[in-house]
Each structure stands twice: as C-alpha cells, then as structure tokens.
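Here is the structure we will look at.
Read-outs throughout are calculated quantities, based only on the coordinates presented, and are distinct from any laboratory measurement. None of the values given here were measured: they were computed from a predicted structure. Don't worry about glycine lacking a Cβ; one is built from the backbone with ideal geometry, like all the others, and counts go over all protein chains shown.
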Amino acid sequence: MPTALITGITGQDGTYLAEHLLSVDYRVYGLIRGQANPKRQLVETLLPDVRIVEGDLLDQTSLINAIQRVEPDEIYNLAAVSFVPVSWNQPELTGEVTGLGVLRMLEAIRVVEGASTSRPARNGRIRFYQASSSEMFGKVAVTPQNEQTPFYPRSPYGVAKVYGHYITVNYRESYGIFACSGILFNHESPRRGPEFVTRKISRAAAGIKLGKQKDLVLGNLDARRDWGFAGDYVRAMHLMLQQPLPDDYVIGTGESHQVREFADLAFRHVGLNWQDYVRSDSQFSRPAEVDHLTADATKARQKLGWQPIVSFEELVQMMVEADLKAEAGQR
Ligand code: NAP
Ligand code: GDD
C-alpha cells in the first residue's frame, strides 16, 4: 500500500486529494501546524482515515521529522498562504511559507534521501508534487497559457509561487529528485474558503435568496478566470506522480469567464437578477490585478490523459446548492 504525505490537509485541495488517494488505497498522512489548530477537528471528522502528523513549513526540522516518521512514497506540498490580497499585507510571511516553504520541503527530502551535490538521489524513492499556480503568469502577453508561457507575477503571492516552481525544477535537475510542478488554474468547490470570489458569490446568492443577507459588495467584476472543480484537479496531481519521469504540467479547463458571469449564473440559479444585489467597490480592488487567465492544458490531456469532468455551469450550481443547504440549516 503506497503512503502519501499531504501538506495543507486542512485546505480545500488537501481534503479532496486525501479522499481521492484513500479511494485508490493509499495510506494518507496530513501535516497540521500549530499546537491547537482549530481545523484539526474538521479533518478528523471529515477524513477519519487520515493520520495526522505535526509540522510547519516554517520549521525545517519538523519537516524532516515528519518524513522520517511517515516514510512517504509521495509528498504533495499544498500548504501555502494562498489568498492573494493577504500577500500584500504579509509579504514576508507569504515569501517564507509559499516560497521558502517549498525549499524546506525539498531540503527535507534531500536530507532524508542522503543526496548531495556529489551524490544525487538518482534512485530517490520519494516523489514530490508542488502546488504551483496560474498566478505566476500574471500579466499575460499570450492567451491561452501553457508550460512555455513566460511568468509575470503581479502579487507577492505570485512571486513566491514562481520561486517555489523554479526551486522544484532546480532540485529535480540538481539532485535527481522526482519533483513535479503542477501549474493549476483556479479551482473551486463547496469547500472553497469564503474569502475567494466564487464562494463569496455562492454564499451571497444563497443568503439573499433565504432573506439572510441584503446585498453583495465585490471588487473587479471584469476579471476573467479559468474556473474548474477542485475534485477534478486533485486527480491531475496524483497522475503527475505516476508518470515514468517527473515533469511540469498546466491544468485548467481552457474556458474563461468574467466575475460578473459567475455572479449572473449564481443568482439566476436562485431565481434572482444579480444586478439588483451586487455592487462593485474599490475596497476589494488589488494594487496590481491579473486581468485574464485561460489554460492550454494540451500536455496534460495528451501525457496524463487528464481532463475535467465538471463544467463551469455545473460548478456554479453545485456551489450555490451547497450554500443553500448550509444557510438553511445554519442561521
Ligand atoms: P487553502 O484552502 O488556502 O489551504 C492552504 C493550506 O495551507 C491550509 O491547510 C493551511 O493550514 C496550510 N498552511 C498555511 N501555512 C502553513 C504553514 N506555515 N505550515 C503548514 N501548513 C500551512 O488552499 P487550496 O485552495 O487548498 O490550495 C492548495 C494549494 O494550491 C496552495 O498552495 C495554493 O496556493 C495552490 N493553488 C490553489 C489554486 C486554487 O484555485 N485553489 C490554484 C493554484 C494553486 P491552516 O489550516 O493551518 O491554515
Ligand atoms: N477574493 C475576491 N473578492 N476577489 C474578487 C472580488 C472579491 O470581492 N471581486 C472581484 N474579485 C476578483 C479578483 O480581483 C480576481 O481578479 C478574481 O476575482 C479572482 O479572485 P480570487 O477568487 O481571490 O482568486 P485569485 O485568482 O486571486 O487566486 C486564486 O487562484 C490562484 C490561481 O490562479 C487562489 O486560489 C490562489 O491561491 C491561486 O493560486
């Protein structure tokens, strides 16, 4: 039975990936930080078969200890400061976790595998997945974006992810570590954090429909994103680590939509006109925006045989339906 270690187990992707790996008979460990992490109970309830190991991407020793204890075949590094606006307020922390945290994880693998510049880990056992991001493309000059598209990050988060990407490539090339970088475009679900725009909209549509919320204030309604379903994307992470050779892959649907289109569909699903409830305010604008992202996932389709199942319309409906249920049961 293969063993996987997932960092970021308390996040959206961590829970979907754990479910997927358990369904294909993995032993799954999740790395949790802090001595009293409030989300630990959530993981224990939702995923009782996941074993918890303590550690923090800010602490090198804790990562080495975690690997020595778990002896994983595969490591999925999903942990990060992941909300882009936070990265302007806490740029140093973002660099430490989202950027240098990747280096610490790779160093932990290198140390445990006993690799050095004179003795590469040619037969290294541990396979490593880094959660890279379409935010690295940022101010794009070419649409759609693929593995060859140049990076032009627009936030401290994007800059940290570029570091994480290149250090992953570098440890693969320097030490022979089986390390892959998955350049994933936005993916959402009913488990998406409420600070991200899709969940903010789906919760508001449900809340307004049920008379529990009056209106919704957003930022830039013109921004375009390539939104897919998180459950589809974790399958791609796993597939990357099953290939004969490590490589980097763009993962996305190839379709992009404006924020206003997401709002339109979500409100229509509950029989409302979004324009009656949504307004835009500069408090949610960003110092430097990423206007438009669309994936060209041809390589993943051809080499991994991966493609998304859930459509944009189905994703919006799934999220609004889940929030209708949650709102009805809650307040
Ligand atoms: P998320 O829900 O925000 O989860 C982030 C996770 O990182 C949480 O489990 C958090 O744990 C953990 N974490 C934060 N700081 C940590 C630290 N110092 N040590 C250990 N763990 C720490 O993110 P997500 O949406 O699942 O995304 C997963 C990864 O994919 C992230 O790296 C994100 O940047 C990247 N990504 C996401 C998307 C997307 O659209 N979702 C697209 C491209 C790339 P706590 O609960 O303790 O805070
Ligand atoms: N969060 C938020 N809140 N975004 C808004 C709002 C609002 O009220 N109004 C408009 N937007 C716009 C943002 O300006 C951005 O252009 C777009 O909606 C998407 O914002 P988010 O949902 O916050 O996601 P993101 O694209 O910045 O980042 C997500 O996707 C990246 C992949 O491209 C995160 O999951 C990152 O971790 C991930 O790397």
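Given (1) within 15 Å of ligand 2 (Cβ to nearest atom); (2) under 27 Å from residue 21 (Cβ atoms); (3) assigned to a strand (DSSP E or B), where does residue 217 come up short, assuming only one miss?
Every listed condition holds for residue 217 apart from (2).
Looking at the structure I just gave you, is residue 135 within 16 Å of ligand 2 (Cβ to nearest atom), within 22 Å of residue 171 (Cβ to Cβ) and assigned to a loop (DSSP other than H, G, I, E, B)?
no
Take residue 195 and decide whether it is away from ligand 1 (no atom under 14 Å from the Cβ), among the acidic types (Asp, Glu), out of contact with any Lys or Arg (no Cβ under 8 Å at 6 or more places or on another chain) and outside any helix (DSSP H, G or I).
When the stated conditions are applied, residue 195 does not pass them.
Taking the options 250, 290, name whichever one is within 14 Å of ligand 1 (Cβ to nearest atom), part of a loop (DSSP other than H, G, I, E, B) and under 21 Å from residue 151 (Cα atoms).
Of the residues listed, the single one that is within 14 Å of ligand 1 (Cβ to nearest atom), part of a loop (DSSP other than H, G, I, E, B) and under 21 Å from residue 151 (Cα atoms) is 290.
Those residues that are touching a Lys or Arg at 6+ places or on another chain (Cβ under 9 Å), among the hydroxyl-bearing types (Ser, Thr, Tyr) and in contact (Cβ under 8 Å) with a residue 60 or more places away in the chain, I need them from the range 105-144; list them, please.
The answer is 132, 134.
Step by step: first the residues of the range 297-322, then only those that are assigned to a loop (DSSP other than H, G, I, E, B) and more than 16 Å from ligand 1 (Cβ to nearest atom), then the one that is surrounded by the fewest Cβ atoms within 10 Å (Cβ to Cβ). Which residue is that?
305
Which one is surrounded by the fewest Cβ atoms within 10 Å (Cβ to Cβ) among residues in the range 97-115 that are under 22 Å from residue 50 (Cβ atoms) and away from ligand 1 (no atom under 14 Å from the Cβ)?
112
I need the full set of residues from the range 58-83 which are surrounded by 21 or more Cβ atoms within 10 Å (Cβ to Cβ) and within 16 Å of ligand 2 (Cβ to nearest atom), in order please.
Correct list: 76, 77, 78, 79, 80, 81, 82.
Scan the range 194-216 and report the pairs whose first residue is at positive phi and whose second residue is part of a loop (DSSP other than H, G, I, E, B) and among the charged types (D, E, K, R), with Cβ atoms within less than 8 Å and a gap of 6+ or a chain change.
Between residues of the range 194-216 that are at positive phi and residues that are part of a loop (DSSP other than H, G, I, E, B) and among the charged types (D, E, K, R), there is no close pair.
Hey, which of the strands (runs of 3 or more DSSP E) in the range 15-96, taking only ones fully inside, have at least 2 residues that are without any contact (Cβ under 8 Å) to a residue 60 or more places away in the chain and either within 12 Å of ligand 1 (Cβ to nearest atom) or farther than 19 Å from residue 128 by Cα (or both)?
Hits in the range 15-96: 27-32, 51-54.
Conditions tested, residue by residue: (1) more than 10 Å from ligand 2 (Cβ to nearest atom); (2) touching an Asp or Glu at 6+ places or on another chain (Cβ under 8 Å); (3) in a helix (DSSP H, G or I); (4) over 23 Å from residue 310 (Cα atoms).
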site	(1), (2), (3), (4)
203	yes, yes, yes, no
239	yes, no, yes, no
244	yes, no, no, yes
254	yes, yes, no, no
